[in-house]
Each structure stands twice: as structure tokens, then as C-alpha cells.
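Working notes, structure below.
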Amino acid sequence: NAGVTQTPKFRILKIGQSMTLQCTQDMNHNYMYWYRQDPGMGLKLIYYSVGAGITDKGEVPNGYNVSRSTTEDFPLRLELAAPSQTSVYFCASSGGPLYEQYFGPGTRLTVT
Amino acid sequence: GENVEQHPSTLSVQEGDSAVIKCTYSDSASNYFPWYKQELGKRPQLIIDIRSNVGEKKDQRIAVTLNKTAKHFSLHITETQPEDSAVYFCAVPNSNSGYALNFGKGTSLLVTP
């Protein structure tokens, strides 16, 4: 199993550009999550999903959108990128609520 | 996260010593308490977790203790080794959803030989 995979690994965006961060898992997990990690600030939840077709906002959803059309994929969309969105983005999945979360390798995004 | 505080933010110990990291939470209904380890440039990985029906759990050199009355839980690492150097995060269930986790800000542990 590849586990949780994310693409791209690195990306530089100009202010106002848009992009989609891809996340795929092959563990047949219903629960998937997007976090952002800023230096010294831990992991903040952006969006999460409890199954295909169901998504909900986390702690810091502004400026982001998600969709969950399949169990495997949970893409994160950034519209009108801003410097405040410079961060490392992690996708994660789990087999159930309050079970071990398996993280992807992360995407390092810089907005200039 | 808004409902979990983690201390200290940095911790330096000598190899062989013990390290303790503490997290305090606010929601008395919280029932799941994991600890994640993140090595430099890597993804977070679960190292141990505990549920509210037990007070302590051990896995070799790592243990987690839970005090539900005081609403805090702690990570204990004994006989520390240089490879234990990493950032450690505690987490508690998100009060609104119950499905997701709120993470503490992390503790950077340095184990010096």
C-alpha cells in the first residue's frame, strides 16, 4: 500500500493565482482531513470529510474549498492565493473517528 | 488548537534521561488522547494513544498518563536516545465535530549525547 500520497511536493504561487492540492489514499478510509502547519503553530484543521460526498469546515477554512467525490481522493482547492496561505499542507486519513490518522508527506506552498 | 494547551514548547535532555510533556484540555467530554511525533522534514506519525477509560498506557520506553479530573494528559519518554529528538504533538477531539482532532502547538525535544 502507498498509504496517503500528496502532489505536488513543492509549489510557488503568485498572489491571486489558484491551485489544487491533490490527496489520495489507498486504505479505503472513510475519514480524511486537511491540515496546515505553520512554524511553531502546530497543525490546524482546514476541512475534513467523513465519507464520499460529505465535507465539513474545520478551524481555518477561509480561502479554501474541498470536494470528496470518491473514497480515495480529497483535493484541496486554493482560490485567489494570499501570502497568509504560505504553509506546509498535510492530508491525512483514518479508518474511523478518533482512530490513528495516517498523514501524507506534505506539500510546501509559498505564495509571493 | 483552541481547546488544548501543550507545555513546554522546547525541552532539552541528556541521553538516558527522562522527558515529560504535558497537555491540558478544556472539554470534559474528550475521550481520546493521541500523541504524534514529527521528525524534521517528515510527516507526523502516531506513537501512542489512550482512551478515557484507562489511566495509563505503556509501549516500551513511551507511556501516556491521563488525569480526567484535572483534565490533563502527559507523554513520558524514558531512557531517551538521540533518535527521540523530534517535535511531539498532543491532540484532543474537536469539540464541535467530535470526528476531527485539535492539535497542541508542539514540543521540540532535543536529546543530546
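A short reminder: the numbers here are calculations on the coordinates, not readings from a lab. Everything numeric here is computed off the predicted structure, so don't read it as measured data. Here the Cβ positions follow ideal geometry from the backbone for every residue, glycine too, while neighbour counts run over all protein chains shown.
Can you give the convex hull volume per residue for the Cα atoms of chain B, as a whole number of Å³? Working shown, then result.
On the way: hull volume 10.5 nm³, N = 113.
Residue-normalised Cα hull volume stands at 93 Å³.
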* Asked: Fewest first, what order do A:SER94, B:SER95, B:SER18 take by the number of other Cβ atoms within 10 Å?
  -> B:SER18, B:SER95, A:SER94
* Residues B:SER52, A:SER69, sorted so that the one with the fewest Cβ neighbours within 10 Å comes first -> A:SER69, B:SER52
* To do: Could you give me the radius of gyration and the Dmax of the range A:63-112, taking only the C-alpha atoms into account and expressing both in angstrom?
  => 12.8, 38
* What is the ratio of the Cα radius of gyration of the range B:46-94 to 2.2 N^0.38 Å, where N is its residue count, to two decimals? -> 1.20
* Asked: Where in the range A:1-36 are there trypsin sites (Lys or Arg not before Pro) that are in a DSSP coil and have at most 15 other Cβ atoms within 10 angstrom of their Cβ?
  -> A:LYS9, A:LYS14
* Structure fact -> quick shape note, the protein assembly as shown: Cα extents on principal axes in Å, largest first -> 49, 37, 34
* Filter the GluC sites (Glu not before Pro) in the range A:27-96 down to the DSSP loop ones having no more than 14 other Cβ atoms within 10 Å, then list what survives. => A:GLU79
* **Rg and Dmax [Cα atoms of the range A:1-52; Å; Rg one decimal, Dmax integer]** => 13.2, 37
* Asked: In chain B, with Lys and Arg counted as +1 and Asp and Glu as -1 at Cβ, which of these residues, B:PRO34, B:PHE89, B:HIS76, has the Cα nearest the positive end of the dipole, that is, farthest along it?
  -> B:PRO34
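For chain A, give the share of DSSP beta bridges that are antiparallel, in percent and rounded to the nearest 5; count only bridges with both residues there.
Working: 32 of 36 bridges.
If we restrict to bridges inside chain A, about 90 percent are antiparallel.
Treat the count of other C-beta atoms within 10 Å as a stand-in for reagent exposure and order A:VAL88, B:VAL4, B:VAL54 from fewest to most. Working shown, then result.
Details: A:VAL88 17, B:VAL4 26, B:VAL54 10.
Final ranking by Cβ density, sparse to dense: B:VAL54, A:VAL88, B:VAL4.
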* **Histogram of C-alpha separations across the range A:28-80, 10 Å bin width, %** => 26, 51, 20, 2
* DSSP-loop GluC sites (Glu not before Pro) across the range B:37-91, with at most 13 other Cβ within 10 angstrom -> B:GLU39, B:GLU79
* To do: Can you check how the C-alpha radius of gyration of chain A compares to 2.2 N^0.38 Å, as a plain ratio?
  => 0.99
